[in-house]
Every structure is written in C-alpha cells, then in structure tokens.
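Working notes, structure below.
The values are calculated or read from the model by the stated rules, or taken from the named source; none is laboratory data. Note that the structure is predicted; figures quoted are calculated from it, not measured. Methodologically, a virtual Cβ is constructed for each residue, glycine included, from the backbone with ideal geometry; neighbour enumeration extends over all protein chains shown. Accessible surface areas use protein heavy atoms only, side chains included; no ligands, DNA or RNA. Shrake-Rupley method; radii C 1.70, N 1.55, O 1.52, S 1.80 Å.
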Amino acid sequence: GAGVSQTPSNKVTEKGKYVELRCDPISGHTALYWYRQSLGQGPEFLIYFQGTGAADDSGLPNDRFFAVRPEGSVSTLKIQRTERGDSAVYLCASSLQPGREYEQYFGPGTRLTVT
Amino acid sequence: GDSVTQMEGPVTLSEEAFLTINCTYTATGYPSLFWYVQYPGEGLQLLLKATKADDKGSNKGFEATYRKETTSFHLEKGSVQVSDSAVYFCALSDSAGNQFYFGTGTSLTVIP
C-alpha cells in the first residue's frame, strides 16, 4: 500500500514569506507526527496529532509555526514570516495508534530552503 | 529532559567486519528505545526496537540490547555488507510514546 507522502519535495522561499507543507499519512493511521531535521542532526520533534487534535505541540519552536489536521487525515504545517534558520528537512510520520508500541512510518520529507 | 547521545561518525568498515554503534540515553520513567536506518535517497525506516529493560531487538542481522544499568542501547552486527551502508539513528520515546528523541545519526560506509 501507499506510504506516507509529503509535498512538495523541495521548497525554496524568500525570507519573510509564508509556506505550507503537506503530509498525507498512511490510510487509517490515527497518529501523525511532524519533525524537523537540520543538516547533520537527527529529527527533532515538533508536534503530534491524535485524530484531528494536536495532542502535543511542545516542540514547535515559536508562534510562527502552526499545524492543522482538520479531517484527521492530511496535515499541513504552516510557517509564517520564514527565517533563514527555518531551512531544514521537515519530516512527517504516521502510526496506526499513538504510543511506543506502534511503529512510526516516515515520509521522504520536504526540504525547505529560505533565502 | 529526555535525550539520546550517539557515537559520531562517519564509520567506514570493510565487508564482513564487526559493527558497533554506541548509543546512550537519558530519560525519566520507562522509555522505549529504537534504531532507525536511512538508506541513501530513502526515508527513515525502523530497524529494531526494545520496549523494556533487558529486551533485545533484532532485525536483518542487527541486534541491540536495552541496558538500564548502563543506560545504553548499542547497535551491533557481526558481519556487515555493502548494502548496510546508510545513516543509523538511535531514538527513544517517552513513557507515553508521544514524543520521540533522536540522536544525531551515524553514517556507515561498508567497502567491498
């Protein structure tokens, strides 16, 4: 079956602009996670959804970052007033249920470059 | 807070050599521990996991044992192959399993 997909695969934007990154999880997966991976680093947790609600958004770095999952499937990560420091690969993962018993399946990521 | 410290790379080995990648963790409660692998051009994949102390995770010839006394989860393989060339990430999840913490990754290159 289809895995987690993310669009776009690459996004180049100018400093100060607004961007949206999309994640399509595996069908039927209730839990969805966003991570940010900077060069040479491991993925850093941003936010986690259980269904439509953000169950834990403690990893969002500041209020310029926001994510939604209105119908409990597709999720969009939104970044306002982008800064050069936001440049990274943004990863999405989904799992059948939340919790450490369930494997997270990762998408290929969106590489965001802020110029 | 919870964290993972992983052996820095890159690591270069000859085919059939023994592999160890060290990973230690800091956590409260009872975390689960994971190794993820990222092959060139692909996304992260779960390699193995262990959910409680003394558990051994294994897959594709790789093994790691959850050692609570040394707070470690070292990855080992007895005989590496060229196809094992990838970046390996150690990770832990908090007790609730809602947040995952990753190490910085170790790049492995296996030469024939």
Residue, least open to solvent (accessible area, probe 1.4 Å), within segment A:46-70, restricted to residues that are in a strand (DSSP E or B) and within 8 Å of chain B (Cβ to nearest Cβ): A:TYR48
Residue ID - most open to solvent (accessible area, probe 1.4 Å), chosen from residues in segment B:55-112 that are closer than 14 Å to B:THR24 by Cα and free of Cβ contacts under 8 Å to residues at least 24 places away in the same chain: B:GLU69
When residues of segment B:1-16 are limited to those that are surrounded by 14 or more Cβ atoms within 10 Å (Cβ to Cβ) and under 16 Å from B:GLN81 (Cβ atoms), the one farthest from the chain's Cα centre (by Cα): B:LEU13
Residue list for segment B:49-100, restricted to those being of a type in the set (D, E, K, R) and more than 20 Å from A:PRO43 (Cβ to Cβ): B:LYS52, B:ASP54, B:ASP55, B:LYS56, B:LYS60, B:GLU63, B:ARG67, B:LYS68, B:GLU69, B:GLU76, B:LYS77, B:ASP84
Flag for A:GLY16 being assigned to a loop (DSSP other than H, G, I, E, B), on the phi > 0 side of the Ramachandran plot, surrounded by fewer than 20 Cβ atoms within 10 Å (Cβ to Cβ) and within 13 Å of chain B (Cβ to nearest Cβ): no
Scan of segment B:30-65 for residues that are assigned to a loop (DSSP other than H, G, I, E, B) and either within 11 Å of chain A (Cβ to nearest Cβ) or under 11 Å from the mean Cα position of the chain (by Cα) (or both), ordered by number: B:TYR30, B:PRO31, B:GLY41, B:GLU42, B:GLY43, B:LEU44, B:THR51, B:LYS52
Of all residues in segment A:34-45 being assigned to a strand (DSSP E or B), touching a residue at least 40 places away in the same chain (Cβ under 8 Å) and within 10 Å of chain B (Cβ to nearest Cβ), the one that is least open to solvent (accessible area, probe 1.4 Å): A:TYR35
Enumeration of residues in segment B:54-112 that are closer than 25 Å to A:SER38 by Cβ and hydrophobic (A, V, I, L, M, F, W, C): B:PHE73, B:LEU75, B:ALA86, B:VAL87, B:PHE89, B:CYS90, B:ALA91, B:LEU92, B:PHE100, B:PHE102, B:LEU108
Matching option when the condition is at pLDDT below 90 and not small (Gly, Ala, Ser), among B:ASP54, B:ASP2: B:ASP2
